[in-house]
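A quick write-up on the structure given underneath.
The values are calculated or read from the model by the stated rules, or taken from the named source; none is laboratory data. Every value quoted in this text rests on a predicted model; they were computed, and no experiment measured them. Neighbour counts run over all protein chains shown; Cβ positions are idealised from the backbone, glycine included. Side chains are part of the model used for accessible areas, which takes the heavy atoms of the whole protein and leaves out ligands, DNA and RNA. Shrake-Rupley method; radii C 1.70, N 1.55, O 1.52, S 1.80 Å.
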Amino acid sequence: MSKGNKNLLKYIGILYLSVLTTYKIPHDSYSIAEYIIRPIKIGGGTLYLWGVAPLILFIVGFLGLTRLDRYKNRNKLIVFLFIVIFILPIMKLTLDVARTNYHWIMGDELESIEIEDSDLHISRINNEAFLQLNIQLKDFNKNENKFKIRLYYPKDIQEYIGKEHVDLEAYHFTYGERSSSSINETIDIDLDSRTLDKIEADYNWQDQDYKIEIYNENEEVMNIVRGDK
């Protein structure tokens with residue numbers, strides 16, 4: 001293999017690493033980069049440095065490609081746009097396809113379902129409190145899945161309401177083929193007005209992890225949602 005082709009593969013590999021570091025860890029809201037470079041608490045805020053790693057990898061890969069003989073005379077903006085619009089999405093797709101094939105070969109059911117995004121917040125109507133749980137799912141399987149959801153509250157909420165978790169009654173479905181679906185649940189929490197006032201004044205629980213377990217008669221899969229995101 002010529003030196004030029006070796007360098008081409010090297011810089012494409014670096015770009016691929018930049019995509020890989022932004023890929024989420026299975027059943028965790030952290031990406032690989034976030035897991036390596038954790039958010040830093042500063043006063044009342046949070047400093048996120050994880051994006052530096054994939055950015056540096058992208059810059060190294062991009063500049064390396066533009067210095068190769070086959071690309072050095074091309075417009076750098078066009079090369080940049082080609083990488084961002086075509087190359088990086090294709091690399092992300094290859095990771096998704098590989099994961100789909102893995103779950104299909106392993107015969108997984110719920111293990112193939114990933115929580116892409118989750119939001120948990122409290123709403124108040126008069127003196128009644130409700131937890132609003134909004135989940136965005138992606139199913140990497142090739143078949144339909146049916147399951148229920150068990151929510152493990154953030155630690156402070158557990159102390160306020162005296163419960164560790166709640167089992168939601170409704171069944172939910174995903175349809176495989178990397179399709180996305182949304183789940184919106186309203187959870188009634190029985191609290192007196194004084195306790196509710198304390199929760200509304202206490203923002204610490206919003207920075208705490210909580211867990212979402214999806215389960216059926218065959219399988220239980222725990223997902224962790226990091227509270228500092």
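Compute the distance in nm between two label points, each set 7 Å from the Cα along the Cα-to-Cβ direction, one at Leu63 and one at Glu144.
Those two pseudo-labels are separated by 5.3 nm.
How many angstrom lie between the Cα centre of the stretch 1-46 and the Cα centre of the stretch 48-70?
11 Å
Calculated FRET efficiency, Lys72 and Lys24, Cβ-Cβ r, R0 41 Å, to nearest 0.05?
On the way: r = 35 Å, r/R0 = 0.86.
The pair Lys72/Lys24 has a calculated efficiency of 0.70.
What's the carbon and sulfur percent of the chain's accessible surface, probe 1.4 angstrom, rounded to a whole number? Let's see the in-between values first.
Numbers: 7320 of 13350 Å².
With neighbouring chains kept in place, the figure for the chain is 55 percent.
So how far apart, in nm, are the two label points at Thr46 and Ser123 if each is 7 Å from Cα heading toward Cβ?
Here the answer is 2.3 nm between the modelled labels.
Suppose all protein chains stay in the model; what accessible area per residue would a 1.4 Å probe give for the chain, in Å²? It would help to have the intermediate numbers written out before the result.
Values: 13350 Å² over 229 residues.
I get 58 Å² per residue for the chain.
Taking loop as defined by DSSP and a crowding limit of 11 other beta carbons within 10 Å, which trypsin sites (Lys or Arg not before Pro) in the stretch 46-133 fit? It would help to have the intermediate numbers written out before the result.
Numbers: sites: Arg67, Arg70, Lys72, Arg74, Lys76, Lys92, Arg99, Arg124; in loops: Arg70, Lys72, Arg74.
Loop-located and lightly packed - Arg70, Lys72.
Helix 88-106: angle to the longest alpha-carbon principal axis of the chain, degrees 0 to 90, nearest 10?
60 degrees
Between helix 52-67 and the chain, what is the angle of the helix's C-alpha long axis to the longest principal axis, kept within 0 to 90° and rounded to the nearest 10?
Helix 52-67 sits at roughly 20 degrees to that axis.
So what is the diffusion coefficient of the stretch 71-229 in µm² per second by Stokes-Einstein at 20 °C and 1.002 mPa s, using a Kirkwood Rh over Cα pairs?
The estimated diffusion coefficient comes to 118 µm²/s.
Setting aside same-chain residues fewer than 8 positions from Lys142, which lysines have a Cα under 24 Å from its Cα?
Cross-link targets: Lys24, Lys92.
Within the chain, which is the longest segment containing none of the chymotrypsin sites (Phe, Trp or Tyr not before Pro) that sit in a DSSP loop and have at most 10 other Cβ atoms within 10 Å?
Details: sites that count: Tyr171, Tyr203.
Longest stretch, sites excluded: 1-170.
Relative contact order (percent) for the stretch 72-229, with alpha-carbon contacts under 8 angstrom and 6 or more residues of separation?
23 percent
Asp167 to Tyr35: FRET efficiency via 1/(1 + (r/R0)^6), r the Cβ-Cβ distance, R0 25 Å, to the nearest 0.05?
Details: r = 29 Å, r/R0 = 1.17.
Between Asp167 and Tyr35 the formula returns 0.30.
Once R0 is set to 45 Å, what does the formula 1/(1 + (r/R0)^6) return for the Cβ-Cβ distance between Leu9 and Ser179, expressed as a FRET efficiency to the nearest 0.05? Please list the in-between numbers first.
Values: r = 33 Å, r/R0 = 0.74.
Working from the Cβ atoms, E equals 0.85.
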